[in-house]
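Coordinate-derived values only; no laboratory data. Quick caveat, the model's predicted, so the values are computed rather than measured. No Cβ is skipped: glycine too gets one built from the backbone with ideal geometry, and neighbour counts run over all protein chains shown.
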Amino acid sequence: MSISDNLMFDGKVALVTGGNSGIGRETAISFAQKGANVVIAARRESESLETLEQIHAAGGKAEFVKTDVSDESQVEAMVAQTIKAFGRLDFAFNNAAITGEAIPLDEYPRKMWEQVISINLTGVWLCMQNEIKYMKANGGGSIVNTTSIAGHKGSPNLPAYSVSKWGVIGMTKAAARGYGQYGIRVNAVSPGHTETPMLGLPDDDDDERLNALIEQYPLGRIGQSDDIAKAVIWLCSDSASFITGVALPVEGGIIA
């Protein structure tokens, strides 16, 4: 990776939750490639520092803030430390999430339900609250939330995950309508199955599960982190300046 000559975000600041791996890591790197200063917020420090090293090695600027997005005080501190580190906040990618175990709804444990909802839905709400407070007072910005194809068509054995992702879409649309007057655009990306640690695919490309997933996709493959990162970067860019309130499917046609 090297910092691109196309520095369309030069001098801007991007906050990425769940930036320690997968889609979050790829998006954090992409923001840096476009010239943005990046703050990576996540619970797992060692993996987050690996992301920082990749950005720093290519000449970018980035910092890490250890954050549990379900904790209100930590989220407040995350945004405050972003402003302290780089003086502003232009873009926020609220990406931190967990899947939870695959269990039918009638057997789903309440403890797991509450954990998934607290991170995936309440966590995005807390992030947006604090991001919007700053952007509202400082000329606007762009927020992108991560939802999922499970927020469009449901997943029968992931009830809490599905509910959380439907909720993120609703919250995205509500915020887009409520804060456009302040120059704040709020959108979401809805990935399909994406080859990240969260998906838990084995290393063997011939695995039956992987082949079964691929067969569902009209484009003949599952997603890569870079596919999602490109969509996030575009939604934050001036090229998408008249787009808000959209949950953009980035899913190879599986919803169709």
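Annotations for the structure displayed:
- Note on residue 10 and residue 174: the model spin-label points, each 7 Å out from Cα along the C-beta direction, lie 4.1 nm apart.
- In this simple spin-label approximation, residue 207 and residue 256 carry label points 7 Å from Cα along the Cα→Cβ vector, and these lie 2.8 nm apart.
- Relative contact order of segment 13-250, pairs being alpha-carbon contacts under 8 Å that are 6 or more residues apart, as %: 20 percent
- Against the chain, whose longest principal axis is taken from its Cα atoms, helix 22-33 shows a tilt of about 30°.
- Taking the helices alone, the chain has a mean residue ellipticity at 222 nm of -13000 deg cm²/dmol, built from -39,500 (n - 2.57) per DSSP H run of at least 4 residues and averaged over all its residues.
- Cleavage-rule hits (GluC sites (Glu not before Pro)) in segment 41-121: DSSP loop, at most 15 neighbouring Cβ within 10 angstrom: 101
- In segment 13-250, inverting the average of 1/r over every pair of distinct C-alpha atoms gives 17.9 Å as the Kirkwood radius.
- Dipole of the chain, positive direction: furthest Cα of 57, 30, 129, with charges on the beta-carbon: 129
- Candidate aspartates and glutamates - alpha carbon under 16 Å from residue 12, same-chain residues fewer than 8 apart omitted: 63, 90, 131, 238
- Rounded if a/c under 1.5, otherwise prolate or oblate - segment 110-156, Cα gyration tensor axes: oblate
- About its Cα centre, the dipole of segment 13-250 is roughly 1260 debye, where the only charges are +1 on Lys and Arg Cβ and -1 on Asp and Glu Cβ.
- Angstrom value of the Kirkwood radius, inverse mean 1/r, which spans all Cα pairs in segment 17-137: 15.0 Å
- Pairwise label distance in nanometres, residue 216 with residue 46, each label 7 Å out on the Cα-Cβ vector: 3.2 nm
- Proximity of backbone amide H atoms, modeled 1.01 Å from N, is registered between residue 186 and 143, 245 at under 5 Å, excluding neighbours fewer than 5 places apart on the same chain.
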